[in-house]
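Here the structure is laid out as structure tokens; the discussion comes afterwards.
The values are calculated or read from the model by the stated rules, or taken from the named source; none is laboratory data. All figures in this text were calculated on a predicted structure; none of them were measured in a lab. Here Cβ is always computed from backbone atoms with ideal geometry, including for glycine, and neighbour counts include all displayed protein chains. Accessible surface is based on the protein model in full, side chains and every heavy atom, while ligands, DNA and RNA are left aside. Shrake-Rupley method; radii C 1.70, N 1.55, O 1.52, S 1.80 Å.
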Amino acid sequence: YQPDPLMESTPPDTFVVQISALYKLPVNYDIVSGDEKGYFFIHSSSGIIRTSKNLKLEDFPVDFSVRATDSSNAAIFNEVGVKVEVTDENDFPPVFPSSLVEVRLEENSTATQIVQLKAQDNDTGRNGFLTYGIFNGHGQKFWINETTGILYSTTSFDYEEEPTEYQVVVYAEDDGIPEKKRGYCTVVIKITD
């Protein structure tokens, strides 16, 4: 048996799966091995398995065995395997080590790499997969590689004729389910003479 994966936030006493033995006499069901941490219980006559407590993602998947025993003769039984998986929920937003980064850029330098930004996300799988973007970016003067987080200038700057400081707000966005989460970092770019 491999029921649909449970969400990490599944509450205790949630239906997981019903085990059903093809047998002409009444049977008793028991979980006999594999559920050492006691996440599940089974109704002895219906074969319905439910969660018994809150689930911890790091303990899954759990493979356990269920035994169906003839209720009038304990020597007659059969066992079946059950595998339960848990889906990570998008608990955490991406976080940059610092919400403000200051960099210097020489005037008249051609389009160039300015800084690499790296956010962390404590979720696993696609909930922790990050892409980068520019939230506000002063027209077309800057762009970011959405995979690497490297911020580039797309033009040269003139110290005398243009602003000497730019603030670019960069975001990191996860690919979370059910919703995506973002973290932000402001990059202050000071143009030097």
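Structure data summary
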quantity: Residue list for segment 61-109, restricted to those being farther than 30 Å from T164 by Cβ, part of a loop (DSSP other than H, G, I, E, B) and of a type in the set (D, E); calculated: E85, D88, E89, D91
quantity: Any chance L105 is touching a residue at least 40 places away in the same chain (Cβ under 8 Å), within 30 Å of T155 (Cα to Cα) and open to solvent by 60 Å² or more (accessible area, probe 1.4 Å); calculated: no
quantity: Check on D63, open to solvent by less than 50 Å² (accessible area, probe 1.4 Å), under 32 Å from the mean Cα position of the chain (by Cα) and of a type in the set (D, E); calculated: no
quantity: Subset of segment 158-193 [among the hydroxyl-bearing types (S, T, Y), more than 11 Å from L105 (Cβ to Cβ) and either open to solvent by less than 80 Å² (accessible area, probe 1.4 Å) or free of Cβ contacts under 8 Å to residues at least 24 places away in the same chain (or both)]; calculated: Y171, T186
quantity: Lone qualifier among L25, L55 - being among the aliphatic types (A, V, I, L, M), open to solvent by 70 Å² or more (accessible area, probe 1.4 Å) and either touching a strand residue (DSSP E or B) at 6+ places or on another chain (Cβ under 8 Å) or not in a strand (DSSP E or B) (or both); calculated: L25
quantity: Any hit, segment 156-170, residues being within 27 Å of the chain's Cα centre (by Cα), of a type outside the set (S, T, N, Q) and not in a strand (DSSP E or B); calculated: no
quantity: Scan of segment 32-49 for residues that are under 30 Å from T124 (Cα atoms) and either open to solvent by 40 Å² or more (accessible area, probe 1.4 Å) or without any contact (Cβ under 8 Å) to a residue 24 or more places away in the chain (or both), ordered by number; calculated: S33, E36, K37, G38, F41
quantity: Residue in segment 2-13 that is open to solvent by 80 Å² or more (accessible area, probe 1.4 Å), part of a strand (DSSP E or B) and either assigned by the TED database to the domain that holds E160 or over 30 Å from D158 (Cα atoms) (or both) present; calculated: no
